[in-house]
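Working notes for the structure below.
The values are calculated or read from the model by the stated rules, or taken from the named source; none is laboratory data. Since the structure is predicted, the reported quantities are computational estimates derived from the model, not experimental observations. Because the Cβ atoms are built from the backbone with ideal geometry, glycine has one as well, and the counts that use them run over all protein chains shown. For the accessible areas, the whole protein counts, side chains as well, though only heavy atoms, and no ligand, DNA or RNA atoms are used. Shrake-Rupley method; radii C 1.70, N 1.55, O 1.52, S 1.80 Å.
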Amino acid sequence: MISEEQFQKEIDQIISNAIREDVGDGDHSSLACIPETATGKAKLLVKDNGIIAGVDFAKQVFAYVDKNLQVETLINDGETVKHGDIVFYVTGSSQSILKAERLVLNAMQRMSAIATKTNFFVKLLEGTNTKILDTRKTTPGLRAAEKWAVKIGGGENHRFALYDMIMLKDNHIDFAGGVTKAIEKTKEYLKETGRDLKIIVEARNLDEIKEILKTDGVYRILIDNFNYEDTKTAVALIGDKCLTESSGGINEDTIREYAECGVNYISSGALTHSVYNMDLSLKAV
């Protein structure tokens, strides 16, 4: 993953771009009927059950819109919520609260859904040594917020993007002329460019597992679309030479059995691409 500083820059860009997109040259609905000097208070109301996420993100949004807005937090990121709970109160300029409202809700609804689904998967893995990973299958422009939500839900982040880790998948391998050539060319590239990036290599079958193991320098092997028995065999072959990751259509019904095959990680795009937003509202008090 990227540094905390770079991650914060990504969050800052999400907020600034979202406000630009939503507010434009002004919230004319509020400007038309609410005095500039009017102040008010609103509450973040939960109308669903799950894991709340995006509270700290919301605070950053309020501060970006108006540094004088005050937030009183009652429930923090990662805590369980139920229908009727109040997560926080925000007090200050009524116009500012309304300007921030939609971005706060859009982000928190999606982040909470991701955190809730991630936490569900984490609980399915309890008692094993396997951790759940996210993927790059995120909403364009919202990756930092969605990966933040995975962490809040108890999951782990995979690489952030194409630039912070090498991941040789099937197309890379085929275009490069095979597994060994892809790995060797990658190691040469990293040496020539002076980059220190971890290398993950995808294996489509046990023969590719064996071929990868002939080469040093691989950080993790992605055991992709294997059945249970072949996954167990792959884990045994790999041993402690490098880390292991299973992926490929793994869901809530199969995740436990894949974990029991002994893999270190299971990656799931469903954490971010297949969620239903948590129902939240920002209501004037």
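Points worth noting:
- Scan of segment 257-280 for residues that are open to solvent by 30 Å² or more (accessible area, probe 1.4 Å) and closer than 21 Å to G50 by Cβ, ordered by number: H273, S274, Y276, N277, D279
- Pair list, Cβ under 8 Å, 6 or more apart: segment 220-243 residue under 19 Å from S268 (Cα atoms), other residue among the small types (G, A, S) and open to solvent by 60 Å² or more (accessible area, probe 1.4 Å): N225/G249
- For segment 140-154, the criterion of being farther than 26 Å from F7 by Cβ, out of contact with any Lys or Arg (no Cβ under 9 Å at 6 or more places or on another chain) and either of a type in the set (K, R) or open to solvent by 20 Å² or more (accessible area, probe 1.4 Å) (or both) is met by no residue.
- Note on segment 101-128: residues that are part of a helix (DSSP H, G or I) and either more than 23 Å from the chain's Cα centre (by Cα) or over 21 Å from K43 (Cβ atoms) (or both) amount to 9.
- Residue ID - surrounded by the fewest Cβ atoms within 10 Å (Cβ to Cβ), chosen from residues in segment 18-58 that are under 19 Å from the mean Cα position of the chain (by Cα) and not in a strand (DSSP E or B): D56
- Scanning segment 107-129 for residues that are crowded, with 18+ Cβ neighbours inside 10 Å and of a type outside the set (A, V, I, L, M), we see that the one that is farthest from V150 (Cα to Cα) is Q109.
- Residue within segment 74-97 that is touching a Ser or Thr at 6+ places or on another chain (Cβ under 7 Å), at pLDDT 95 or above and closer than 27 Å to G153 by Cα present: yes
- All positions within segment 177-189 that are open to solvent by 20 Å² or more (accessible area, probe 1.4 Å) and either assigned to a helix (DSSP H, G or I) or among the hydrophobic types (A, V, I, L, M, F, W, C) (or both): T180, K181, E184, K185, K187, E188, Y189
- Within segment 149-164, the only residue that satisfies the criterion of being among the aliphatic types (A, V, I, L, M), part of a loop (DSSP other than H, G, I, E, B) and within 12 Å of T135 (Cβ to Cβ) is A161.
- Residue within segment 152-168 that is touching a residue at least 24 places away in the same chain (Cβ under 8 Å) and farther than 26 Å from P140 by Cα present: no
- Check on N106, polar (S, T, N, Q) and over 15 Å from A53 (Cα atoms): no
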